[in-house]
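**Student:** First the structure, which I've put down as structure tokens, then a few questions once you've had a look.
The values are calculated or read from the model by the stated rules, or taken from the named source; none is laboratory data. The structure displayed is predicted, hence computed values, not measured ones. Neighbour counts run over all protein chains shown; Cβ positions are idealised from the backbone, glycine included. The protein model used for the area step is the full one, side chains on, heavy atoms only, and it has no ligands, DNA or RNA in it. Shrake-Rupley method; radii C 1.70, N 1.55, O 1.52, S 1.80 Å.
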Amino acid sequence: MPRALVVLIVVLSLVPAAGAAGPAARLPSGFVLIRTGPDGGTVWEGRIPDRQVDDPRLSDVYLPPEFSPTVHYRVVIFLHGFWGSPSSFVHGLRLAETADTEITAGRALPFIAVMPPGGPMTKTTSDEWAGVWEDYVVRDVVPWIDAHFLTDRTGRAIGGLSAGGYGAVDIGLRHPGLFRTLESWGGYFRPFSDGPFAHATAAYVRAHTPSLLATEKAPALRLRGTRFFLSTGTSGHGDVKARWTFEFADELVRLHLHHRLWVLPESKRGHLFRSQLPAAVDYASPAS
């Protein structure tokens, strides 16, 4: 075999297959592939540094099919319920499968989803996405995303289920320039008296009450085009009442704020979060 051909074969053997390391190249070392969607979307797991709490837990990051490091993507931050973890989106709700399907079908634009951990590290529901966890999202997670990816910062969304739904709307309203779309999936709009609210002053609680913040900031929200996605069943879950979502939706109507209310059909009772996920994804990264 000619020497030049041998050299060429060796060189080619050292070059990774096209796209093999593309997504990983945008993530810091330590992130590993944990799931692949039906159309090539990928989920990676690793640590997003938390300067607020000494928390060793890992975050999950979804990258869309045919991800390119040269494209500006919309970003959606998903907050899990309590007690919970990012795996509730990846394995419980099968986010990669749904996101791939909606993107490939043209109902959603390709987007990056980031799912950080938060709240108690043991199995308890007594916490909220506020205090140090709000700081983690705003001061650590968002800057980390923008440092590692090209992002469309004007279309950033935040959403979550149950306590995560409360946190998403609360954080979004408290930082109105940071997120354009706020999503509550079976959430609530006044904090429970737990976590950072267990011994909080009335003023602190008011400052974290979405139903009050929406009224206070309505003019600025209308000017920015802030959008809301609300989903609920007809019977609620645990201590969370379905009527709270309907009441908040009525408030958004009164305030002339753009929103969509998604209600679980009776035929799908008990499957709220997975059933509403396609609509939630389409709203967070709309194709039109």
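**Student:** For Arg174, which of the numbered conditions (1) modelled with pLDDT of 95 or more; (2) closer than 23 Å to Pro143 by Cβ; (3) within 16 Å of the chain's Cα centre (by Cα) fails to hold?
**Tutor:** Exception for Arg174: condition (3).
**Student:** Which count do you get for residues in the stretch 21-42 that are in contact with a Ser or Thr (Cβ under 6 Å, 6 or more places away or on another chain), at pLDDT below 95 and assigned to a loop (DSSP other than H, G, I, E, B)?
**Tutor:** Total meeting the criteria: 0.
**Student:** Continuing with the same structure: Looking at the structure I just gave you, is Ala105 among the aliphatic types (A, V, I, L, M) and buried (at least 20 other Cβ atoms within 10 Å of the Cβ)?
**Tutor:** no
**Student:** Report whether or not Arg190 is closer than 23 Å to Arg243 by Cβ and at pLDDT 95 or above.
**Tutor:** For Arg190, the condition - closer than 23 Å to Arg243 by Cβ and at pLDDT 95 or above - is met.
**Student:** To continue, here is another question. In this structure, is Leu272 crowded, with 17+ Cβ neighbours inside 10 Å, closer than 28 Å to Phe111 by Cβ and modelled with pLDDT under 95?
**Tutor:** Numbers: crowded, with 17+ Cβ neighbours inside 10 Å: yes; closer than 28 Å to Phe111 by Cβ: yes; modelled with pLDDT under 95: yes.
Answer is yes for this residue.
**Student:** Here's another thing I want to ask about it. Does Pro191 qualify as being open to solvent by less than 60 Å² (accessible area, probe 1.4 Å), of a type outside the set (A, V, I, L, M, F, W, C), out of contact with any Gly (no Cβ under 9 Å at 6 or more places or on another chain) and assigned to a loop (DSSP other than H, G, I, E, B)?
**Tutor:** The answer is yes for Pro191.
**Student:** In the set Val263, Val205, which member is β-branched (Val, Ile, Thr) and open to solvent by 50 Å² or more (accessible area, probe 1.4 Å)?
**Tutor:** Within the list Val263, Val205, the selection yields Val263.
**Student:** Mind listing whichever residues of the stretch 143-169 are surrounded by fewer than 24 Cβ atoms within 10 Å (Cβ to Cβ) and not acidic (Asp, Glu)? Before you say what the answer is, go through the steps one by one.
**Tutor:** Pass one, the stretch 143-169, residues surrounded by fewer than 24 Cβ atoms within 10 Å (Cβ to Cβ): 143-156.
Pro143, Trp144, Ile145, Ala147, His148, Phe149, Leu150, Thr151, Arg153, Thr154, Gly155, Arg156, listed by residue number.
**Student:** Restricting to the stretch 210-221, give me the number of residues that are free of Cβ contacts under 8 Å to residues at least 40 places away in the same chain and buried (at least 18 other Cβ atoms within 10 Å of the Cβ). Give the steps one after another, and end with the answer.
**Tutor:** Quick first cut of the stretch 210-221, residues free of Cβ contacts under 8 Å to residues at least 40 places away in the same chain only: 212, 216, 218-219.
Still in the list and also buried (at least 18 other Cβ atoms within 10 Å of the Cβ): none.
Matching residues across the stretch 210-221 total 0.
**Student:** Please enumerate the residues belonging to the stretch 37-67 that are polar (S, T, N, Q) and either more than 17 Å from the chain's Cα centre (by Cα) or open to solvent by less than 10 Å² (accessible area, probe 1.4 Å) (or both).
**Tutor:** Matches in the stretch 37-67: Gln52, Ser59.
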